[in-house]
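Working notes, structure below.
The values are calculated or read from the model by the stated rules, or taken from the named source; none is laboratory data. All values reported here derive from a predicted model rather than from experimental measurement. Neighbour counts run over all protein chains shown; Cβ positions are idealised from the backbone, glycine included. Side chains are part of the model used for accessible areas, which takes the heavy atoms of the whole protein and leaves out ligands, DNA and RNA. Shrake-Rupley method; radii C 1.70, N 1.55, O 1.52, S 1.80 Å.
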Amino acid sequence: MDNSATSNDPTAGLTYDPGAIERKWQRLWQERGTNSTNLQGATRPFYALMMFPYPSAEGLHVGNLFAFTGNDIYGRFQRLAGHNVFEPLGYDAFGIHSENYALKVGKHPMELIPRNIANFRRQLERAGLMVDWRYTLATTDPDYYKWTQWIFLQLLNQGLAYRKQAAVNWCPNCKTVLANEQVVGGVCERCKTPVEQRSLEQWFFRISDYAPRLLANLDRIDWSETTKTAQRNWIGKSEGAELAFPATDAGSGSACEIRVFTTRADTIFGATYLVVAPEHPLVESFTQSAERKKVEAYRERTKKQDIVTRKTSTEKTGVFTGSYAINPATEKRIPIWVADYVLMEYGTGAIMGVPGHDARDFEFATEFRLPIVRVVCGEREDAATPLTAAHTDCDLGTMVNSGPLDGLGVDAAKRRIVEILAERGAAKAVVRYRLHDWCISRQRYWGPPIPIVYCDSCGVVQVPEKDLPVVLPFVEDFKPDDSGVSPLARHEEWYRVPCPECGQMARRETDVSDTFLDSAWYFLRYPSVGRNDVPFDKNLTLKWLPVDSYIGGNEHAVLHLLYSRFITMVLHDAGHLEFEEPYARFRAHGHIIRDGAKMSKTQGNIVNPDEYIERWGADAFRTYLMFLGPYEQGGDFRDQSISGTRRFLDRLFASVQAMSSEGDPNADVMRKLHQTIRKVGDDIARLSYNTAVAAMMEYMNVLRKGERTPHRDEVLPMISLVSPFAPHLAEELWQQTGGAGKNGSVFDAGWPAFDPALAAEDFIELVVQVNGRVRAKVRVPRDIGQDAAVDAARADPTVARYVSGAPTKIVFVPGRLLNIV
RNA sequence: GCGGAAGUGGCGGAAUUGGUAGACGCGCUGGACUUAGGAUCCAGUGGAGCAAUCCGUGGGGGUUCGAGUCCCCCCUUUCGCACCA
């Protein structure tokens with residue numbers, strides 16, 4: 001027990017006891033159902049969603065609380081503005097985090113997860129969130145993942161799920177396949193082990209089919225620009241052309257062609273060689289027998305080379321196949337090389353080498369002494385200007401050494417060459433996307449089993465909807481091994497089942513699905529939690545979705561947000577949803593650092609919300625989190641600074657205790673009050689919480705100025721203004737002051753009315769500049785005209801000193817500023 | 001390398017459209033109350049100067065009556081992506 005509270009605690013002697021008030025209101029909210037939303041009866045529904053947390057064993061992180069508080073403030077504000085706000089919260093409890101942690105501590109995830117969830121729930125309730133806990137969910141609940149499996153079947157039925165033997169990323173430490181997204185810089189995102197390649201049979205979703213729509217829709221949704229940019233880059237549209245280079249098969253001698261993809265078709269006259277990826281299926285056909293050994297050795301080497309070296313090394317390696325192709329533009333013979341700087345996964349797995357105008361090709365050509373030709377000139381260059389590096393800038397480029405293209409600009413040349421070659425069937429304009437299909441198979445235990453059965457007679461058979469969920473069995477040995485299959489594959493008693501179609505003994509799919517599939521549809525589930533006959537109720541979905549406001553971390557800017565958009569589109573196309581974009585508005589919150597450094601366990605600077613709430617109260621802590629920096633940028637958490645927000649709440653508390661209803665409110669104070677009502681509302685609406693708090697503090701300073709007793713009318717609206725930030729204290733003060741009867745909540749009382757007439761200033765401080773420098777401020781009527789303003793300014797002694805004779809120019813900004821030149 | 005964001009007092013940060021730079025808070029200084037205060041309250045607080053005034057938003061140019069804000073060049077930090085043709 002910490003007994004320093006009486007002697008050392010700087011909060012000792014402050015005027016209100018947050019512990020008692022917060023416990024009281026958390027109890028009353030529960031008893032009165034204050035935070036319960038009437039989903040059926042709502043007339044002005046507003047869905048305020050935050051990304052659900054992964055319930056870690058360490059408990060709630062202050063970063064979670066920062067994020068959730070921001071959403072809560074927005075939700076509470078919308079409620080005060082008259083909406084029926086639904087603010088649900090659940091848990092993203094499946095996945096590799098939980099499983100790895102369970103392995104580490106030697107406990108079973110089925111035992112750990114409920115415990116972690118209970119701890120999260122306790123912490124979240126202490127934070128005073130307006131969450132309707134009747135509609136919580138956990139992705140690990142069979143009632144939930146039943147429908148995750150159902151979604152898999154929807155994709156399968158629409159031909160959007162398929163199996164493919166594919167080279168996948170394999171983490172030798174986690175002993176599992178990783179999605180491309182989980183490979184960061186060639187190493188496993190989680191354990192930093194270099195990733196290897198393995199070939200396994202996997203389930204994929206055809207998200208790449210949706211690339212054009214996923215991209216196009218971004219233009220019409222209200223999301224943070226940064227997030228949209230990240231998605232655009234990830235989808236990676238590039239418009240270019242596919243060009244065919246005639247060649248000869250080295251073995252049979254028959255004619256064939258190599259197709260390359262390029263975004264710079266204009267530079268084809270500068271293509272002095274071709275390169276194909278080592279994995280390219282045509283490599284063998286082009287390799288002359290004299291070169292066969294060398295080429296094979298090179299292919300073997302790159303296959304073995306781990307992905308890190310291959311992706312990070314900029315050194316150019318490669319071998320000549322001994323064969324030549326014909327450049328369709330120059331009709332010259334150019335050599336065909338094999339090199340690992342060309343990737344099989346992108347484009348056609350083959351490129352034309354244009355060393356004059358591509359940095360990588362320049363390096364390669366320099367290394368292997370291949371000819372370098374200039375075909376584009378900048379402003380002060382001509383066809384003969386030597387190239388010391390690749391000239392890649394094409395903005396002001398003019399074509400040279402390019403036959404029919406000479407003199408054209410780069411863009412015109414791109415179109416023209418495709419037209420010319422297309423006549424011979426050697427070119428077509430194409431659009432490529434970087435986005436590749438989504439591999440959802442995981443050779444792991446802690447996830448929803450993929451609802452598929454493999455039957456010797458019937459093949460791949462889906463588990464009928466009536467048999468869902470395929471329940472994840474409790475198994476003791478859930479540790480993955482390097483067999484390339486899930487731990488479930490060790491449990492014959494589970495995977496041996498009769499085929500749903502023919503009844504013969506068959507085998508279940510033993511892989512589970514990706515956690516991102518769990519989180520790709522959870523927002524659809526919340527309003528329908530408790531319904532076991534449908535994934536989501538038609539009418540409730542119509543009423544509540546799409547999500548009105550979604551808030552979350554930008555680390556999910558690409559994957560989660562893209563996957564949930566995709567799943568929503570698929571369900572829309574299948575007729576299950578009316579809309580195709582899940583989140584009408586999305587804003588990314590920032591992240592919190594501490595004392596200028598990243599919070600981490602090893603540094604021991606992690607903020608445990610429990611301790612801070614204990615010491616300062618949830619209200620002061622919430623307010624501080626929102627005050628420490630711009631919500632969308634995050635900020636720096638400093639222990640010392642919390643006292644400021646606590647003092648602010650104490651002063652409000654004290655003012656309410658001291659206020660009087662005698663006499664009239666002060667007009668200046670009331671003017672400031674109405675300005676504050678407007679500013680706080682505007683600021684909350686644009687998530688500028690730090691300035692909203694600052695505005696309230698400023699008002700409190702005005703209110704308390706001088707030795708006067710504040711008037712009731714000056715104080716009461718502050719209770720509502722502060723309520724989204726400090727909900728417990730607001731309720732307490734609301735009750736104390738008799739707001740809306742005995743059982744009313746401040747959150748049902750509406751946002752204080754803003755009166756523009758009361759907020760308007762009659763007089764303003766006009767800034768007077770002379771030659772652009774501020775020389776004086778004069779107090780003048782708000783709507784003063786230019787001539788009167790000049791007179792007033794010249795009456796000022798300082799201004800008079802600087803202005804001699806007639807001004808050459810007067811700049812007058814009404815209501816703000818006067819500049820005499 | 002490419003793409004995004006950002007550089008403002010001792011510190012966290014304000015300045016919504018080119019119009020008083022430093023709101024608000026922390027810290028610090030002085031004072032009041034006090035047996036005491038790391039509580040509370042009051043006052044002050046960008047730098048230089050007795051002052052008038054001058055200098056100040058990473059650095060250097062520019063546009064403008066006026067630039068933290070717009071344009072050009074450079075430096076630094078940070079976060080994504082990374083041989084994507």
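Brief remarks follow.
- Qualifying residue in segment A:217-231 (condition: open to solvent by less than 50 Å² (accessible area, probe 1.4 Å), closer than 30 Å to A:S402 by Cα and either touching a strand residue (DSSP E or B) at 6+ places or on another chain (Cβ under 8 Å) or within 16 Å of RNA strand B (Cβ to nearest atom) (or both)): no
For every residue, the table says whether it meets (1) at pLDDT below 85; (2) part of a strand (DSSP E or B); (3) open to solvent by 40 Å² or more (accessible area, probe 1.4 Å).
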{"position": "A:Y144", "(1), (2), (3)": "no, no, no"}
{"position": "A:L155", "(1), (2), (3)": "no, no, no"}
{"position": "A:Q165", "(1), (2), (3)": "yes, yes, yes"}
{"position": "A:N169", "(1), (2), (3)": "yes, yes, no"}
{"position": "A:Q202", "(1), (2), (3)": "no, yes, no"}
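- A:A753 satisfies every condition listed in (1) modelled with pLDDT under 85; (2) open to solvent by 50 Å² or more (accessible area, probe 1.4 Å); (3) aliphatic (A, V, I, L, M) except (1).
- Verdict on A:T676 being outside any loop (DSSP other than H, G, I, E, B) and either away from RNA strand B (no atom under 14 Å from the Cβ) or open to solvent by less than 30 Å² (accessible area, probe 1.4 Å) (or both): yes
- Restricting segment A:627-655 to residues that are within 7 Å of RNA strand B (Cβ to nearest atom) and among the polar types (S, T, N, Q), the residue that is nearest to A:Q735 (Cα to Cα): A:T645
- Flag for A:I606 being among the hydrophobic types (A, V, I, L, M, F, W, C) and free of Cβ contacts under 8 Å to residues at least 60 places away in the same chain: no
- None of A:Y74, A:Y47 is open to solvent by less than 10 Å² (accessible area, probe 1.4 Å), at pLDDT 95 or above, within 19 Å of the chain's Cα centre (by Cα) and among the aromatic types (F, W, Y) except A:Y47.
- Of the residues contained in segment A:293-316, one or more are found to be away from RNA strand B (no atom under 15 Å from the Cβ), within 41 Å of the chain's Cα centre (by Cα) and either buried (at least 18 other Cβ atoms within 10 Å of the Cβ) or at pLDDT below 90 (or both).
- One residue stands out in segment A:414-463 among those that are in contact with a Cys (Cβ under 9 Å, 6 or more places away or on another chain) and hydrophobic (A, V, I, L, M, F, W, C): the one that is most open to solvent (accessible area, probe 1.4 Å), namely A:C458.
- Test: A:A271 is at pLDDT 90 or above and either surrounded by 15 or more Cβ atoms within 10 Å (Cβ to Cβ) or of a type in the set (A, V, I, L, M, F, W, C) (or both): yes
- Meets criteria (near RNA strand B (Cβ under 9 Å from one of its atoms), open to solvent by less than 40 Å² (accessible area, probe 1.4 Å) and part of a helix (DSSP H, G or I)) for A:N690: yes
- Restricting segment A:538-574 to residues that are of a type in the set (D, E, K, R) and surrounded by 20 or more Cβ atoms within 10 Å (Cβ to Cβ), the residue that is farthest from RNA strand B (Cβ to nearest atom): A:D548
- With respect to (1) open to solvent by less than 10 Å² (accessible area, probe 1.4 Å); (2) out of contact with any Leu (no Cβ under 7 Å at 6 or more places or on another chain); (3) within 30 Å of A:V105 (Cα to Cα); (4) not acidic (D, E), the lone exception for A:G63 is condition (1).
- Across segment A:656-666, not a single residue is classified as assigned to a loop (DSSP other than H, G, I, E, B), of a type in the set (A, V, I, L, M) and either within 26 Å of A:A48 (Cα to Cα) or away from RNA strand B (no atom under 16 Å from the Cβ) (or both).
- Index of the failed condition, A:N819 passing every other in (1) modelled with pLDDT of 85 or more; (2) within 15 Å of RNA strand B (Cβ to nearest atom); (3) closer than 25 Å to A:D682 by Cβ: (3)
- Boolean, A:S661 is touching a helix residue (DSSP H, G or I) at 6+ places or on another chain (Cβ under 7 Å) and at pLDDT below 90: yes
- Segment A:801-812, residues that are surrounded by 12 or more Cβ atoms within 10 Å (Cβ to Cβ) and within 11 Å of RNA strand B (Cβ to nearest atom): A:Y802, A:P807, A:I810, A:V811, A:F812
- Each residue in segment A:385-431 was checked for being part of a loop (DSSP other than H, G, I, E, B) and more than 15 Å from A:G240 (Cα to Cα), and 20 of them qualify.
- Taken over segment A:77-105, the residue count meeting the criterion of being of a type in the set (A, V, I, L, M, F, W, C), at pLDDT below 95 and open to solvent by less than 10 Å² (accessible area, probe 1.4 Å) is 3.
Residues are listed down the side, and each one gets a yes or a no for (1) within 30 Å of A:R206 (Cα to Cα); (2) acidic (D, E); (3) within 16 Å of RNA strand B (Cβ to nearest atom):
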{"position": "A:V534", "(1), (2), (3)": "yes, no, no"}
{"position": "A:A597", "(1), (2), (3)": "no, no, yes"}
{"position": "A:K601", "(1), (2), (3)": "no, no, no"}
{"position": "A:E611", "(1), (2), (3)": "no, yes, yes"}
{"position": "A:W616", "(1), (2), (3)": "no, no, yes"}
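- Qualifying residue in segment A:701-719 (condition: within 19 Å of A:H83 (Cβ to Cβ) and either open to solvent by less than 10 Å² (accessible area, probe 1.4 Å) or assigned to a loop (DSSP other than H, G, I, E, B) (or both)): no
- Once segment A:274-292 is narrowed to residues that are assigned to a loop (DSSP other than H, G, I, E, B) and crowded, with 18+ Cβ neighbours inside 10 Å, the residue that is nearest to RNA strand B (Cβ to nearest atom) is A:A277.
- A:E614 being modelled with pLDDT of 90 or more and open to solvent by 40 Å² or more (accessible area, probe 1.4 Å): yes
- Meets criteria (at pLDDT 85 or above, farther than 17 Å from A:P278 by Cβ and either in contact with a strand residue (DSSP E or B) (Cβ under 6 Å, 6 or more places away or on another chain) or more than 13 Å from RNA strand B (Cβ to nearest atom) (or both)) for A:D406: yes
- Residue that is farthest from A:Q154 (Cα to Cα), among those in segment A:444-489 that are touching a residue at least 60 places away in the same chain (Cβ under 8 Å) and of a type in the set (K, R): A:K479
- Test for A:F261: is it in contact (Cβ under 8 Å) with a residue 12 or more places away in the chain and either closer than 22 Å to A:V342 by Cβ or within 16 Å of RNA strand B (Cβ to nearest atom) (or both): yes
- Flag if A:Q657 is open to solvent by 60 Å² or more (accessible area, probe 1.4 Å) and over 32 Å from the mean Cα position of the chain (by Cα): yes
- When segment A:762-787 is filtered for residues that are of a type in the set (S, T, N, Q) and either more than 9 Å from RNA strand B (Cβ to nearest atom) or surrounded by 18 or more Cβ atoms within 10 Å (Cβ to Cβ) (or both), the ones remaining, listed by number, are A:Q769, A:Q786.
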